[in-house]
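The values are calculated or read from the model by the stated rules, or taken from the named source; none is laboratory data. In this text, all values refer to a predicted model and were calculated from it rather than measured experimentally. Neighbour counts are summed over all protein chains in view; Cβ atoms, including those assigned to glycine, are modelled from backbone coordinates with ideal geometry. The accessibility values were calculated without ligands, DNA or RNA, using every heavy atom of the protein model including side chains. Shrake-Rupley method; radii C 1.70, N 1.55, O 1.52, S 1.80 Å.
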Amino acid sequence: MAIEKLPWWITHKDFWDFTTEIDWSIQKPFMHTPQNYYQHLTPEQITQYNSRLTEVMEWKKTSKVLGFTHRDYAMKRGADITSLLPNLAGIDENGKSVLYWTGSPKLMDTIPTPEDMGCPKYEGTPEENLRMIKAFLKICGASKVRAVPIDAKFKSVQPKFYAPNVPLVYESVDKPYSTENKRVIPQKMQWAIVFSTQGGNNLTAQGNNWIGSLGAAIYSGGPSDFIQIQAQRFLKILGYNSIVSGISYNLQSWPAMGVASGMGELGRIQISISPFFNCDRAIRCIITDLPVSLSQPIDAGITRFCIKCGICANICPVSAINSNPEPSWDIWSSDPSNPNLKPELFNNPGKKTWYLGHHLCSIFGRDANDSKCGLCMINCTFHKSNNQV
């Protein structure tokens, strides 16, 4: 079905109308900053942090702690594909990975276009096209597939930069392209296909250790990044252009796309909470010129539930999750004792929500024996499968 029939207790809402209140006059493209956690530390703290990581590396060699053994570490490193994908894709003539944009030549040049095949491009109705791309992505391993329009509101929640000092730019051109100074999206690419993969839930539930860390890594990316490549190849042979997100550099805010497409609602832990697949972090966004019918946001009562719950805030070891009962328009507060703290680097104003102390979360996740934590997801009520409730 192009428009999915929902259970009776979930209702559709109008496009760009979420259960999280948005002030669109404030909302604007976010200043994405890679390795955000370093931005809030003094040089002394960075030295201390790196020393801590060195100690952890030594400890890994002899650890007998359950979840942190040699075998657990082998599983974490062997199955985590964040370093595998760029090597698979190869590098361009400038020594930079081109996996996440128009696709690596190593993976894309062997795929013919309709012109190469001597036939016209495929054409269907938007409804037929969405059913088609849903079927293809699910064959490749996607769990949920939706679509949202690329309009002014879409662009207002898009990162300002794709990479450091490399802005995302829309131009009236036929095909997407990239230079050292910009990543260009054609104006005619007016549709964003949003999909998620369920993977990693059971691993994440193993807790704050290397196995749980692998779950968080797979849950945040993993199979989704392979599926993106498959989708680009599929669309090319049909005669359509596409660009995709990377692991570190994104075309869109993943929680925003989960909420905008109706996969879930924005929860207290600032990710898309799904009534189907729990804490839905493995979301990807494919921008394309293939016309598809659009999906709508939902109201499943999840954001309202977060007001009364607060389990994630109580369980967070570093109080990175806002514990106030009601959501607020105010971003995370500055800290006079830490002049390096810049809340505007990890909080984008314009939402009435529970803003996250990302600096606390990211530092702890990297310092906790390289295990990435994930306790908020493990203990979220919606993380439980039906046989766990």
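One table, with the values for the structure above:
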{"item": "Filter result for the condition that a residue is buried (at least 23 other Cβ atoms within 10 Å of the Cβ), at pLDDT 85 or above and hydroxyl-bearing (Ser, Thr, Tyr), over SER242, SER253", "result": "SER242"}
{"item": "Conditions (1) in contact with a His (Cβ under 6 Å, 6 or more places away or on another chain); (2) open to solvent by 60 Å² or more (accessible area, probe 1.4 Å): number failed by GLU344", "result": "(1)"}
{"item": "Residue check, THR110 over 18 Å from THR288 (Cα atoms) and modelled with pLDDT of 80 or more", "result": "yes"}
{"item": "Test set (1) part of a strand (DSSP E or B); (2) open to solvent by 20 Å² or more (accessible area, probe 1.4 Å) - GLN296 fails condition number", "result": "(1)"}
{"item": "Residue among ILE237, ILE227, ILE315 that alone is out of contact with any Ser or Thr (no Cβ under 9 Å at 6 or more places or on another chain), of a type outside the set (Gly, Ala, Ser) and in contact (Cβ under 8 Å) with a residue 40 or more places away in the chain", "result": "ILE315"}
